[in-house]
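Since every read-out is calculated from the coordinates, none of them should be taken as a lab result. Note that this is a predicted model, so its numbers are computed, not measured. Ideal geometry is used to build each Cβ from the backbone, glycine not excepted, and the neighbour counts take in all protein chains shown.
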Amino acid sequence: MQKYCFTEEGSFLLNQPDQISCLYFPLANMAGVMSSITPELSGDSKTSQNTFLLSPVSSEDLHNNKSSRNFWCKINHTSIWSVTGKSAWQQAKKFSKDKEETQLEAGFLWHKVTRISKAFGLKGVITSFVPTSHDKVELMKVELTNIGLEAITLEPVAAIPLYCRSADNIRDHRHVTSLLHRIEVLDRGIIVNPTLTFDEKGHKINEIVYGVLGGNGNVLPSKFYPTVDAFIGEGGSFENPRALQDDSLKPMKSGDKINGYEAFGGLCFEEVVLQPGESKVYIIALGYGNSKEDFILYGEKYLSEEAYNKAFEEMKAYWKDQLNVRFKTGDEKFNHWMHWVTLQPILRRIYGCSFLPHHDYGKGGRGWRDLWQDCLALLLMDPGEVRTLLKENFQGVRMDGTNATIIGKNRGEFIADRNNITRVWMDHGVWPLITTHLYIQQSGDIEFLLEKVPYFKDMQGVRGEQKDSLWEEEQGKLCLTKDNKPYLGSILEHLLMQHLTAFYDVGEHNHIRLRGADWNDALDMARDKGESVTFTALYGSNLETLADLIEVLKNKGFATIELAKEMEVLIGNEDAYGDCKKKQSILMEYCLSTKHKISGDTISIPAKALVKTLKGMGQFIKEHIRNTEWISDGKDAFWFNGYYDNLGQRVEGVHPLGVRMMLPSQVFTIMSGTATDEQVKAITKAVDQYLYAREIGGYRLNTDFREVNLNLGRMFGFAYGHKENGAVFCHMAVMYAYALYSRGFVKEGFKVIDALYSHSMDFEKSRIYPGIPEYFDGKGRGMYHYLTGAASWLMLTLIHQVFGIVGKMGDLTFKPRLLKSQFNEKHRAGISFDFAERHFYVEYVNEEGLDYGEYRVIKIEGNLGEDFIEDSFIIKRKVIESLPKNKNYKIIVTLGK
Ligand code: G1P
């Protein structure tokens, strides 16, 4: 059985990784290099949609991707051997008895493949990583060792096809864009400087150079093949290149130039003789520069073993430092697996939702909800930076409570919609509050709510229903007052705007309209009459959270809350709550009053009255859902209906084609507190009956509707068991676990996480490296690995719910929900994390071996300074802030009866 095993540091070893399809690993840095690499060194590298150094790949290209990194050895003047295994003859032998031995070892953003050729007595090890400096390079160290008994003569050749253009040109003008290439041979490599970025919409002067450099100290390449045809020759291929097999192709030398061809990084090094046991090392740097000089400067400094090793150690230290949340349960494998999960939110920050082989859509950046949910993890890992980040993100909210749909690569950058895309995702309003609430609880920074920021403005208005024909791009992307000044409102006002507008935006069953879709992007065909009960429930609890936060402000002396005058109509209409039509007309009145510009006038509302209104709205929603949406299968299973389709029909329940149930409807009614405890119990039973599939990772997203439902969404076009149609979709499954834990259903929550973890780690079935994928398909294969919101939510669930490390208005509190089985053999479980800019390790000690429900916190001690006096098992903010920052603090929390 093929499986990987962890080393002490959390890196892992996997034998014969080349026998598994679709494995890919990320290599990246904060400077923007985004590479993907497979066990045969396929994959690609880019810094954006328009700047791919290596030709862009989708998952289906991975088993056919010859045009990527390769490194050849011409052995004893006769045979050619690819250190990556990408030669025609090695591929042909891949499944035979004398296949080559391969092994992968990968750690936090480094990737090392070993390949052994018994036939040649040669071992090749290629270690790849991206330095954590500002340099935009990917480095490969190729180490060749004679493991045989006789001397070997070999000529090493780096062979890397250089694509050097926009991903769009893979089909659109692939040939014509090669005519733009200006290729130059340097002393240590090959550089490509395309003249233009070529695009039918407009041709611009290209400002980026691409290239490959190689060597090791004084060892320089001696011959060069700078174009594809110069290397593969007539009739040749990347797996069978002519240049290495006869003398018909003439190499080029330093200083030569060639224009208008597909570029190639073919660097040949002097022939060497390797005695038995002897090794030789070559460093290859592939990357990007702003100019030729810039690129040479970036790249050349890594071209010695010493410099490479130094950069490698720096990179390891950097990621160790970044991944500062560590778990220590009794299951060592789980701890390592979670370590990899903590890397994933950082990867999504770098790659957005595009740019790994499964993520072959979008042009970079993230969607609105992903942006906010990724901040959850960031808040837990790197809290220092988050305040500004959150503040900047609020600038994406429009005056009608919707938000910018296009999010730029730079922080706080939202792009006006020029393409007339009027899609409004009805769930978007809930995420900013969830993240902001976490931030306030962790930091105690309630005054953050009073910070003022502008609103976003483009041509979209009235929640996607109308266009503001008076708006022109020149007016800018900020909402203006009648005096043409940007209107600044508090963050609290932004949050209220999102929730109050949603509260009134209901369909005929008095739940919030589904509009373009909700969390489930593929529920996108019920624009007119669709409703999402699922997210209405979450808006309900959010309205109550807002009330709680305003209460805190009130207790701090903020007796009134200042709001834009136009918002007055959204407050104080209790009589309208039950009347869908009235609600829509109130909303319309509000939206029209803010459609182009706003007055700039404000009103002051007593905090007390606002608290009452918001609580009333929240309670109204919850009761309405409880009264109208609790359904059954006609037997003994009960759960909540979460949707109405475009015909206004209830979606879930008994249907002639089989019982219909959706997991999100259960997750958010539980998480929001809409479901009573009794109902949660019933839901878990029903979900176990209809959605549980342990063999593919646990809880499916929905039952099989057995029809292409054009009144609900494209998801029903997907085969059942895939992606949004009934796969085990990890993001939702993890949120199910979070919801269950938060309601005290600990064993049930653990079951969800355990199923996801055990399946992810079951390499024979999941076929992914450690971490949590977006979903498991019908056969249990992990799909869309790395870039998923599942990772942030899993971290949050572990920290907040399982370990119960929770900030309460800036104080640190402990409410563990660990099961007995999660402690180690010494009855201990621990977690390290950053809080209030200090690093803590908390160890729960459960000497009596008690289970959840049997223990409670009975003592807290630690090196917390003289000010620390145990007080209701809370560590006060002021105690933490009195501690020096550059020390590690250990807190022992004793559990007992
Ligand atoms: C992805 C998207 C997310 C969306 C979800 C369901 O989820 O990124 O915005 O809500 O699909 O359609 P993820 O893989 O991030 O969990």
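Sticking to Cα atoms, compute the Rg of segment 321-387 to one decimal and its Dmax as the biggest Cα-Cα distance, whole number, in Å.
13.6, 42
How high is the relative contact order of the chain? Use alpha-carbon pairs under 8 Å, at least six apart in sequence, and give a whole percent.
Worked out over the chain, it gives 10 percent.
Arranged by the count of other C-beta atoms within 10 angstrom, fewest first, what order do CYS591, CYS22 take? Let's see the in-between values first.
Numbers: CYS591 23, CYS22 17.
Starting with the residue having the fewest Cβ neighbours, the order is CYS22, CYS591.
Please work out, to two decimal places, the log10 of the ratio I(q)/I(0) at q = 0.08, 0.17 Å⁻¹ from a Debye calculation in which every Cα of segment 523-678 carries one identical scatterer.
-0.31, -1.09
Classify segment 352-466 from the C-alpha gyration tensor, please: rounded if a/c falls under 1.5, else prolate or oblate depending on whether a/b exceeds b/c.
The shape class here is oblate.
Taking θ as phi - 60°, what are the ³J(HN,Hα) couplings along segment 783-798 by the Karplus curve (6.51, -1.76, 1.60), each to the nearest whole Hz, with x for Gly and Pro?
10, 6, 5, 6, 8, 8, x, 4, 5, 4, 5, 5, 4, 4, 5, 5
Quote the FRET efficiency, to the nearest 0.05, computed for GLU568 versus LYS301 with a Förster distance R0 of 60 Å and r equal to the Cβ-Cβ distance.
Working: r = 63 Å, r/R0 = 1.04.
Computed FRET efficiency for GLU568 and LYS301: 0.45.
Rounded, prolate or oblate, given the Cα gyration tensor of segment 459-604, with a/c below 1.5 counting as rounded?
Here segment 459-604 falls in the oblate category.
For LYS97 paired with LYS897, estimate the spin-label separation in nm (one decimal), with each label point 7 Å from Cα along the Cα-to-Cβ line.
6.6 nm
From Cα pairs below 8 angstrom and at least 6 apart in sequence, can you work out the relative contact order of segment 99-229, rounded to a whole percent?
Across segment 99-229, relative contact order equals 13 percent.
Given a cut-off of 22 Å, name the pairs among LYS99/LYS123; LYS457/LYS554; LYS66/LYS320; LYS141/LYS333 whose C-alpha atoms lie farther apart than that in the structure shown.
LYS457/LYS554; LYS66/LYS320; LYS141/LYS333
Ranking request for peptides 102-108, 267-273: highest mean number of other beta-carbon atoms within 10 Å first, then the rest in descending order.
Going by the mean number of other Cβ atoms within 10 Å, highest first, we get 102-108, 267-273.
What residues qualify as long-range amide H neighbours of VAL845, i.e. H under 5 Å apart, gap of 5 or more or another chain, H built at 1.01 Å from N?
Under 5 Å from the amide H of VAL845 lie the amide H atoms of VAL893, THR894, LEU895, each far enough along the sequence or on another chain.
Kindly provide the GluC sites (Glu not before Pro) of segment 179-232 that DSSP labels as loop, not H, G, I, E or B, and whose Cβ sees at most 12 other Cβ atoms within 10 Å. Could the numbers behind the result be given before it?
Values: sites: GLU184, GLU200, GLU207; in loops: GLU200, GLU207.
Listed in order of number, the matching sites are GLU200, GLU207.
Once amide H atoms are built 1.01 Å from N in the peptide plane, which residues 5 or more positions from SER291, or in another chain, come under 5 Å H to H?
Amide H neighbours of SER291, under 5 Å, 5+ apart: VAL209.
Separation between the ASP229 and GLU474 pseudo-spin-labels, each 7 Å from Cα along Cα→Cβ, expressed in nm?
About 5.0 nm, to one decimal.
Based on Cα coordinates alone, diagonalise the gyration tensor for the chain, multiply each eigenvalue by 5, take square roots, and list the semi-axes in whole Å, largest first.
So the three semi-axes of the chain are 50, 32, 27 Å.
Report, largest value first, the span of the C-alpha coordinates of segment 234-326 along each principal axis, in whole Å.
56, 43, 26
Just rank ARG398, ARG366, fewest to most, by other beta-carbon atoms within 10 angstrom.
Neighbour counts put them in this order, fewest first: ARG366, ARG398.
Roughly how many nanometres apart are two label points built 7 Å out from the Cα toward the Cβ at ASP677 and GLN19?
5.3 nm
Just order 130-140, 513-523 by mean Cβ neighbour count inside 10 Å, highest at the front, would you? Can you show the working numbers first?
Values: 130-140: 22.9, 513-523: 25.0.
Ranking, from highest mean packing down: 513-523, 130-140.
So if I average 1/r over every pair of distinct C-alpha atoms in segment 145-242 and take the inverse, what Kirkwood radius in Å does that give?
Evaluated over segment 145-242, this radius sits at 15.8 Å.
When a/c reaches 1.5 or more, the comparison of a/b and b/c decides; with that in mind, is segment 786-870 rounded, prolate or oblate per its Cα gyration tensor?
Oblate, since a/c reaches 1.5 and b/c is not below a/b.
Quick one: what are the phi-derived ³J(HN,Hα) couplings along segment 402-408, Karplus 6.51/-1.76/1.60 with θ = phi - 60°, whole Hz, x for glycine and proline?
Each residue's phi maps through the Karplus curve to give 7, 8, 4, 8, 10, 10, x Hz.
What does the convex hull of the Cα atoms come to per residue for segment 613-748, in Å³?
With only Cα atoms used, segment 613-748 gives 121 Å³ per residue.
Using only alpha carbon pairs under 8 Å that are at least six residues apart, calculate the relative contact order of segment 699-780 and give it in whole percent.
Here the relative contact order equals 30 percent.
Cross-link partners among aspartates and glutamates for LYS301, C-alpha distance below 18 Å, same-chain residues fewer than 8 apart left out?
Those aspartates and glutamates meeting the cut-off are ASP135, GLU138, ASP187, GLU293, GLU313, GLU314.
Among ARG838, ARG348, ARG411, which comes first, then next, by fewest other beta-carbon atoms within 10 Å?
Ordered from fewest to most neighbouring Cβ atoms within 10 Å, ARG838, ARG348, ARG411 come out as ARG411, ARG838, ARG348.
Mean residue ellipticity at 222 nm from the helices of the chain, using -39,500 (n - 2.57) per DSSP H segment of n ≥ 4 over the full residue count, to the nearest 500 deg cm²/dmol?
-8500 deg cm²/dmol
At a 10 angstrom cut-off on C-beta neighbours, averaged per residue, how do the peptides 85-96, 250-261 rank from highest to lowest? Numbers along the way, then the final one.
Details: 85-96: 15.4, 250-261: 13.8.
Those peptides, ordered most packed to least, come out 85-96, 250-261.
Once the piece of chain linking THR813 and LYS582 is laid out straight, how much longer is it, given 0.36 nm per residue of separation minus the C-alpha distance between them?
Once the chain is fully extended between THR813 and LYS582, it gains 78.7 nm.
Can you compute the FRET efficiency between ASN627 and HIS175 using 1/(1 + (r/R0)^6), with r the Cβ-Cβ distance and R0 = 51 Å? Round to the nearest 0.05. Working shown, then result.
Details: r = 65 Å, r/R0 = 1.27.
Rounded to the nearest 0.05, the efficiency is 0.20.
Multiply the residue gap between ASN324 and ASN290 by 0.36 nm, knock off their C-alpha separation, and tell me the result in nm, one decimal place.
Fully extending the segment from ASN324 to ASN290 adds 8.9 nm.
How much length is gained if the chain between ARG694 and ILE415 is pulled fully straight, taking 0.36 nm per residue apart and subtracting their Cα-Cα distance, in nm to one decimal?
Here the segment from ARG694 to ILE415 would lengthen by 96.2 nm.
May I ask you to derive the FRET efficiency for GLU589 and ASP382 from their Cβ-Cβ distance with R0 = 51 Å, giving the value to the nearest 0.05? Mind showing how you got there, number by number?
On the way: r = 43 Å, r/R0 = 0.84.
The computed FRET efficiency comes out at 0.75.
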